[in-house]
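J.: I am attaching a structure below and will ask some questions about it afterwards.
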Amino acid sequence: MTAHIRDFQGKRVHFIGAGGSSMSGLAPLMKKLGYCVTGSDRDRSHKTDALEQKGIPVAIGHRPENVRGADLVVYTAAIAPENPERVEAKRLGIPEIERSALIGQLMEGYKNAVAVSGTHGKTTTTAMLSQAMVESGVKPTVHIGGELDALGGSTLLGEKDFFVVEACEFNASFLKFLPTVAVILNIDEDHLDFYKDIDDIERAFLEFARRTPEDGWCVGWGDDERVTRVMRLAARKTRSYGLGSGNDLRPENLTYDPEGRARFTAALNGKPLCRVQMTVPGEHNMLNALAVIAVADILKLPMDQVAATLSRYTGAHRRFELTSVTDGVKVYQDYGHNPAEIKNALRIAKLQPHKRLWAVWQPHTYSRTKKLFSGFVEAFDDADLVLITDICAAREKDPGDIRSEMLLPPLHARGVDATVTPTFDDTEEYLRAHWQPGDLVITLGCGNIDLLNEQIALHGDTAKARG
C-alpha cells in the first residue's frame with residue numbers, strides 16, 4: 001500500500017535524486033509545507049547547491065546511510081530498486097513513494113487542478129499558464145519541470161483553489177495525477193523503452209484524460225488526429241484549439257515577424273477573446289499560447305491579463321535560452337531531445353540572424369537513440385554544422401550496440417556536415433577552433449549538456465581566456 005504524505009507532516013522526508021529537474025523543485029515545496037527535507041544525488045550541480053542554500057542538506061553519492069533516520073523516502077522512476085538507498089530503505093522498513101504519486105497526493109482537494117501533458121511543449125505551456133495565473137492574482141500552487149524566473153524557480157506554494165502541474169508520460173507517471181482539467185498538447189513517439197508503440201502511448205493519454213472527473217475538461221490540440229480521438233473517447237467536456245477550421249479556439253489574423261514571433265487574435269467559436277503579440281518565436285509557441293488561453297477561459301481568468309502575460313513571456317530556462325555571446329557567437333540551449341523537438345528548435349534558430357547555424361546534440365539514453373534513430377537522422381537538415389557528443393546514459397546501462405559514431409554515415413549521406421566530439425571539452429575546443437563571429441550555436445538535449453553552455457560562458461571570449 002502506497003504511503004500518503006499527509007501521514008508524515010513534520011517528519012523527515014528524504015529525496016533520492018534531489019538534483020533532478022522535478023525533484024529539485026518538489027523538495028523545497030515540501031519544506032515550505034512543513035516537512036523536514038533531506039536529499040541525495042549522484043553528482044553535485046547548481047541545483048544541489050541551490051537546495052543547500054534553501055536549507056536542504058544534499059549528500060553527494062548514493063549510500064545506504066543517507067536514508068537512515070528518514071521517515072519517508074521519495075524516488076523517481078529513474079531510480080532503480082537496486083539503488084543502495086532504496087535497498088536500505090526496504091531493509092529498514094522505511095515507506096517509499098514515487099515522485100509522481102506524491103504530486104498526485106498533493107493535488108487532492110484543489111478545486112481547479114490543471115495537468116499539462118504532451119510529448120513536447122509541456123514545460124513551456126505549464127510555465128506560460130503559471131505565469132498568467134500568478135499575474136492574474138489567483139495564487140496557484142505550481143510544479144513544472146523547468147525553472148521560470150517569474151516563479152523564482154520551478155515550484156510555487158499557493159492557496160487551495162488552483163494547482164498547475166507538468167504531467168509527463170514517461171513511465172505513465174501522469175496516471176497518478178488527479179486533474180480537473182487535462183491538457184494534451186500532442187501525442188508523438190517517445191519513451192519507447194517503456195511503451196510498446198505509438199498506439200500504446202495513445203492509450204496512456206486516453207487513460208490520463210479519463211483521470212478527470214465526469215464533469216472535468218479535456219483541452220487538446222485539435223489538429224493532431226490522436227489527440228482528437230482521445231478527447232472524443234474520454235467522454236469529458238472538451239475544448240480544442242489549433243489552425244484547423246474545426247477547432248473551438250483558433251488564431252485569427254495570424255502573422256509572424258521576421259524572427260518568427262506570432263501575432264494573432266484568439267477567437268473562441270468565432271468570438272474574439274484577446275489579441276496576443278508573442279515574444280518567444282515559433283508556430284509551436286503560438287499553439288502553446290492557444291492552449292493557455294483555452295484553459296484560462298475555462299478557469300475564467302481575466303483575458304486581458306492573460307494576453308498581457310503571453311505578450312511578455314520570455315521562456316523557461318533551457319527552452320531556446322540565450323546563455324552567452326562568446327567570440328561574437330550567440331550560444332543558446334534547448335531541452336529538445338526527440339526528433340520533433342529538435343526540428344522545432346532548429347527551425348526557430350534558423351529564423352534568427354546568423355552566418356552559420358551550429359547544432360550541438362547530446363543524445364539521451366541508448367534506447368531512445370536506437371528506437372528513434374531514423375528520426376534523429378532527419379532532424380538536422382536546418383543546421384549548417386552538427387556536433388554530436390557521447391550518448392548520455394541517464395538511467396540506462398550501455399548495451400554495447402549503439403554509439404554516436406553510428407549516426408555519422410546516414411547524416412553524411414543526407415548531406416549533413418556532422419562530427420562526433422565525445423566530451424564537452426572536445427566540443428568546446430572544436431567550436432572555438434572553427435566558429436566565426438556571427439555564427440549561432442544551439443545545444444540540444446535533456447541530459448547535462450547545459451554544463452557545456454555553462455563552461456563556454458565561464459571561459460568567456462577566447463582572447464580573454466588566453467589572457
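The values are calculated or read from the model by the stated rules, or taken from the named source; none is laboratory data. These numbers were taken from a predicted model, which means no experiment stands behind them. Cβ coordinates were reconstructed from backbone atoms using ideal geometry, including for glycine residues, and neighbour counts include every protein chain displayed.
J.: For residue 102, are the conditions met, namely being among the aliphatic types (A, V, I, L, M) and farther than 28 Å from residue 450 by Cβ?
T.: no
J.: For the range 369-394, which positions are of a type in the set (A, V, I, L, M), under 22 Å from the mean Cα position of the chain (by Cα), part of a loop (DSSP other than H, G, I, E, B) and surrounded by 17 or more Cβ atoms within 10 Å (Cβ to Cβ)?
T.: Scanning the range 369-394 gives 372, 379, 391.
J.: I've got another one for you. Could we say that residue 397 is surrounded by fewer than 20 Cβ atoms within 10 Å (Cβ to Cβ), part of a helix (DSSP H, G or I) and without any contact (Cβ under 8 Å) to a residue 40 or more places away in the chain here?
T.: no
J.: When the residues of the range 306-320 are filtered to those that are at pLDDT 95 or above and in contact with a helix residue (DSSP H, G or I) (Cβ under 6 Å, 6 or more places away or on another chain), which remaining residue is surrounded by the fewest Cβ atoms within 10 Å (Cβ to Cβ)?
T.: Going through the qualifying residues, I end up with 309.
J.: Just to confirm my filter: which strands (runs of 3 or more DSSP E) fall fully inside the range 39-103 and include at least 1 residues that are of a type in the set (A, V, I, L, M, F, W, C) and over 14 Å from residue 13 (Cβ atoms)?
T.: Details: elements: 58-60, 72-75, 96-98.
Answer list for the range 39-103: 58-60.
J.: Please identify the pairs in which a residue from the range 375-388 that is touching a residue at least 60 places away in the same chain (Cβ under 8 Å) has its Cβ atom under 9 Å from the Cβ atom of a residue that is among the acidic types (Asp, Glu) and not in a helix (DSSP H, G or I), counting only partners at least 6 apart or on another chain.
T.: Close Cβ pairs satisfying both conditions: 375/189.
J.: Anything in the range 403-426 that is assigned to a helix (DSSP H, G or I) and within 20 Å of residue 377 (Cα to Cα)? List them, or say none.
T.: 404, 405, 406, 407, 408, 409, 410, 411, 412, 413
J.: With the requirement that a residue be in a helix (DSSP H, G or I) and within 19 Å of the chain's Cα centre (by Cα), what does the range 177-201 give you?
T.: The one that is in a helix (DSSP H, G or I) and within 19 Å of the chain's Cα centre (by Cα): 201.
J.: Based on what the data block shows, is residue 441 within 21 Å of residue 350 (Cβ to Cβ) and either among the polar types (S, T, N, Q) or assigned by TED's automatic domain parsing to the domain that holds residue 356 (or both)?
T.: It is true that residue 441 is within 21 Å of residue 350 (Cβ to Cβ) and either among the polar types (S, T, N, Q) or assigned by TED's automatic domain parsing to the domain that holds residue 356 (or both).
J.: Tally the residues that are closer than 19 Å to residue 340 by Cα and in contact with an Asp or Glu (Cβ under 8 Å, 6 or more places away or on another chain), restricting the search to the range 198-239.
T.: 5
J.: Within the set of pairs 6+ apart or on separate chains, which have a first residue in the range 174-203 that is in the same structural domain as residue 128 (by TED's automatic domain parsing) and on the phi > 0 side of the Ramachandran plot, a second that is assigned to a helix (DSSP H, G or I) and surrounded by fewer than 17 Cβ atoms within 10 Å (Cβ to Cβ), and C-beta atoms under 7 Å apart?
T.: 191/170
J.: Same structure, new question: Where in the range 210-296 are there strands (runs of 3 or more DSSP E), lying fully within it, with 1 or more residues that are within 21 Å of residue 126 (Cβ to Cβ) and touching a residue at least 60 places away in the same chain (Cβ under 8 Å)?
T.: On the way: elements: 217-221, 237-241, 249-256, 262-268, 271-277.
In the range 210-296, 217-221 are the strands (runs of 3 or more DSSP E) which contain 1 or more residues that are within 21 Å of residue 126 (Cβ to Cβ) and touching a residue at least 60 places away in the same chain (Cβ under 8 Å).
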